[in-house]
Amino acid sequence: MATWKLFREVELPQQKPQDDGVLFPAVLSPNHTTDSTAVQLPDFKEAIRAHKPWLESLLQNTGAILFRGFPVASPSDFNDVVEAFGYPEAFYVGGRASRIKVIGRVYTANEAPPEKGIPFHHEMAYVRDFPTKLFFFCDEEPGKGGETPIVLSHIIYKKMKEKHPEFVSQLEDHGLTYTKVSNEEDDPSSFTGSGWKSTYKTDDKNVAEERAAKLGAKIEWIGNSAKIITGPIAAVRVDEENRRKTWFNSIAVSYSGPANKRFCDVDTIVELGNGDPVPDDAVEDYLKILEEECVAIPWKKGDVLLVNNLMVLHGRRPLLKPPRRILASLCK
């Protein structure tokens, strides 16, 4: 099968047009002139390799691509798709979610109970060495709910600067400091429940300290628990390709004040890099803007979502009706 015939852009009702008319996210399906049942996994992989420059341009232009209707039936198939793109793997050292390896470069997205939502965030925005691309795969289609909402970060920056210019100025000047207390073992009841042994892939406290330092963090030991202090670290970054600023931080995941009542198990403290608190009114408006601007496309079995982590924040909506199994792979 000729790979140039394989991809076609389609439209879904949940997509949002941007100022330039580009739909967010892009959605690709097998070409309507092609019998979709005739598309095999090797065809899909070949098309990815053959058209990688076009796919990367589309990703840079839109921020995310949803591949729907392609023959990706298992975690192994998903791993093959990720490998076809050829991106180096980003190892989850310093990450705060509890995750389980499934196969190859594929992990569960987050072991926190699926009925719990996860706030919007850029993946690993609290460390120096964060992944630039994220892949998600729908292994089991949710009965109801459980979407992975996404939102363009530069829009959040723009709207927050309009509404809270002083706070945004402080963010740009001082960055953010994150403080988290991690136990030895994982707490799968929390969406940031990775224990320090899992976070730093060691049970040696000295090795954990060394690995934390490489990621811009320091550890203070409280018995066998680790108080991990990261920062000050940039909270606003520049998307060099598109020459615009992005809201690159984990405020929504880390803020535990009154404005964040939806996520009552936040176990991280976030403050401005100069030690000042993050203002409650700014966070309240931020959370509202996220909901107003986000896109949440219901998962279908076999979906693959590719996200530019520099451009797009993502989260998780609570699962209302099981089952749900979403897998992930992180890339440099």
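Annotations for the structure displayed:
- Solvent-accessible area assigned to carbon and sulfur over the chain amounts to 49 percent, based on a 1.4 Å probe.
- Cα-based helix-to-principal-axis angle, 153-163 vs the chain, degrees rounded to 10: 50
- Between 0 and 90°, nearest 10: helix 52-62 axis offset from the chain longest Cα axis: 60
- Were the residues from E89 through A50 laid out at 0.36 nm apart, the gain over their Cα-Cα distance would be 12.0 nm.
- With N as its number of residues, region 51-171 has a Cα radius of gyration that, divided by 2.2 N^0.38 Å, comes to 1.22.
- Across region 10-23, rounded Karplus estimates of 3J(HN,Hα) from the backbone phi angles (6.51 cos²θ - 1.76 cosθ + 1.60, θ = phi - 60°) give 10, 10, 10, x, 7, 4, 10, x, 8, 4, 8, x, 6, 7 Hz, Gly and Pro being marked x.
- Exposure ranking of W196, W54 by accessible area [1.4 Å probe, largest first]: W54, W196
- Taking all pairs of distinct alpha-carbon atoms in the chain, Kirkwood radius in angstrom: 20.4
- Basic side chains Lys and Arg get +1 at the Cβ, acidic Asp and Glu get -1 at the Cβ, and with that the dipole of region 25-120 about its Cα centre reaches some 320 debye.
- Highest-first arrangement of 8-15, 120-127, 271-278, 311-318, where packing means the average Cβ count within 10 Å: 120-127, 311-318, 271-278, 8-15
- For the chain, the solvent-accessible area of protein heavy atoms averages 44 Å² per residue (probe radius 1.4 Å; ligands and nucleic acids excluded).
- Placed amide H near V27: partners under 5 Å, 5+ positions off or other chain: V10, L66
- Cβ-based charge dipole, the chain, positive-most Cα from A125, A97, A38: A38
- Counting only heavy atoms of the protein chains and using a 1.4 Å probe, F135 has close to 0 Å² of accessible surface.
- Semi-axes of the equivalent ellipsoid for region 180-226, Cα gyration tensor, largest first, Å: 17, 11, 10
The values are calculated or read from the model by the stated rules, or taken from the named source; none is laboratory data. It should be emphasised that the depicted structure is a prediction, and the values quoted were computed from it without experimental measurement. Heads up, the Cβs are rebuilt from the backbone with ideal geometry, glycines too, and the neighbour counts pull from every protein chain shown. Only protein heavy atoms, including side chains, enter the accessible area calculation; ligands, DNA and RNA are left aside. Shrake-Rupley method; radii C 1.70, N 1.55, O 1.52, S 1.80 Å.
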